[in-house]
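For reference, the structure discussed in these notes is given below.
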Amino acid sequence: MQINLKETAEFLKSRDKFYILTHQSPDGDTMGAGFGLCYALRSMGKSANVLCSDEFPKRYGFMYKDYGPQKFSPETIVAVDVADAKLLGSKLAQYGDYVELCIDHHVSNTGYAKRLLVYPDASAACEVLYRVLAEMGADIDKRTAECLYTGIATDTGCFKYGNTTKLAHTISAKLMEHGVDIESINRDMFDRKSKERLIAEKHILSDMEYYLDDKCTITAVTLADMESKGFSSEELEGTAGITVQPEGVQVGVLIKEKEKGKFKVSMRSASEVDVSAICAKFGGGGHVKAAGCTLEGELEDIKLKLLSGIAPSLGIDLWLA
Ligand SMILES: [Mn+2]
């Protein structure tokens with residue numbers, strides 16, 4: 001059931017003992033919304049923990065360095081930035097049917113939660129969450145503000161993607177009033193890279209393949225690639241944008257092998273092409289310019305399958321190309 005801001009605020013105020021679920025392969029938005037909500041609830045005297053199927057990535061260490069999980073048995077399950085219960089990942093799958101509230105911005109949200117607050121025009125789940133916290137009159141301290149700012153900054157590619165609205169800037173400005181050090185966060189999120197991250201990016205650039213009149217790129221990263229080159233899948237978060245950097249490329253695909261024969265596909269659009277619609281053909285979804293899906297099988301078959309899904313959007317008949 002879709003609910004509004006006021007109902008969401010009332011719901012959160014009336015409940016306690018929260019487990020806040022984030023999506024697998026966590027990004028800055030799900031992490032920021034998870035910890036931002038957790039700290040805001042704790043500041044209201046409530047118990048709250050953040051859960052993720054994967055380990056919390058090191059790059060968001062500033063969000064959780066003094067976090068300290070609390071001991072309690074959960075009464076309220078909330079998910080943030082999780083468009084589909086499947087995205088909770090294997091370790092959190094047990095909660096999929098019990099999510100009481102989902103705060104999100106994915107137009108593709110499947111409505112698996114009992115209550116859903118989704119603003120498809122919001123730049124980030126953190127933007128929606130800021131509005132919830134404002135509605136609640138919650139105390140937003142510097143750390144909470146940093147979490148929320150990070151979610152908006154990362155989901156908008158540092159305020160340059162098409163989802164960057166006036167409101168995204170306005171809310172970020174409000175968060176700056178709470179003391180967010182935007183210079184250091186943006187440097188850490190966008191400019192500073194670990195050696196492993198640079199190795200991962202080098203792999204993406206060197207293994208990029210061009211298809212469909214050079215309007216589409218596909219880059220695959222297999223478990224063997226990570227093993228032989230020495231980087232982990234954590235380093236690939238946020239790298240899908242590289243696939244649409246070449247001039248003339250309209251759709252970029254990054255294929256990551258998660259386990260033997262199971263591939264996570266991230267698709268990006270640098271044009272009018274709606275990649276969310278393409279990924280939906282393969283059981284996935286997301287946003288118009290950034291979407292994903294999961295496919296199983298042989299890598300070469302998966303590439304072909306994806307190309308046959310992408311070709312019509314580029315006005316290309318795959319079998320003649
Ligand atoms: Mn998001």
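Quick notes
- Which listed residue is within 12 Å of the ligand (Cβ to nearest atom) and either among the acidic types (Asp, Glu) or assigned to a helix (DSSP H, G or I) (or both), from VAL82, VAL107, VAL128, VAL132: VAL128
- Taken over the range 180-213, the criterion of being over 17 Å from ILE302 (Cβ atoms), touching an Asp or Glu at 6+ places or on another chain (Cβ under 9 Å) and not aliphatic (A, V, I, L, M) is satisfied by ASP181, LYS193, SER194, GLU196, ARG197, GLU201, HIS203.
- Residue match in the range 114-121 (condition: in the same structural domain as THR76 (by TED's automatic domain parsing), of a type in the set (Asp, Glu) and either touching a Phe, Trp or Tyr at 6+ places or on another chain (Cβ under 7 Å) or part of a loop (DSSP other than H, G, I, E, B) (or both)): yes
- Considered as a group, the residues in the range 85-98 that are touching a helix residue (DSSP H, G or I) at 6+ places or on another chain (Cβ under 7 Å) and of a type in the set (A, V, I, L, M) include one that is farthest from the ligand (Cβ to nearest atom), and that residue is ALA85.
- Residues being surrounded by 15 or more Cβ atoms within 10 Å (Cβ to Cβ) and closer than 13 Å to THR150 by Cα - total across the range 169-180: 4
- Checked against (1) more than 16 Å from the ligand (Cβ to nearest atom); (2) crowded, with 18+ Cβ neighbours inside 10 Å, GLN70 passes all but a single condition, namely (2).
- Flag for GLU55 being touching a strand residue (DSSP E or B) at 6+ places or on another chain (Cβ under 8 Å), away from the ligand (no atom under 15 Å from the Cβ), among the acidic types (Asp, Glu) and not in a strand (DSSP E or B): no
- Restricting CYS102, CYS38 to those that are assigned to a strand (DSSP E or B) and touching a residue at least 12 places away in the same chain (Cβ under 8 Å) reduces the list to CYS102.
- Contacts under 7 angstrom Cβ, first residue in the range 19-33 being small (Gly, Ala, Ser) and more than 10 Å from the ligand (Cβ to nearest atom), partner in a loop (DSSP other than H, G, I, E, B) and modelled with pLDDT of 95 or more, 6 or more apart: SER25/ASP54
- Hey, THR154 in a helix (DSSP H, G or I) and under 26 Å from TYR67 (Cβ atoms) or not: yes
- Of GLU247, GLU257, all but one fail to be outside any helix (DSSP H, G or I) and out of contact with any Leu (no Cβ under 6 Å at 6 or more places or on another chain); the exception is GLU247.
- Against the criterion of being away from the ligand (no atom under 16 Å from the Cβ), in contact (Cβ under 8 Å) with a residue 24 or more places away in the chain and buried (at least 18 other Cβ atoms within 10 Å of the Cβ), ILE204 qualifies.
The values are calculated or read from the model by the stated rules, or taken from the named source; none is laboratory data. Nothing here was measured: the structure is a model prediction, and the numbers come from that model. Methodologically, a virtual Cβ is constructed for each residue, glycine included, from the backbone with ideal geometry; neighbour enumeration extends over all protein chains shown.
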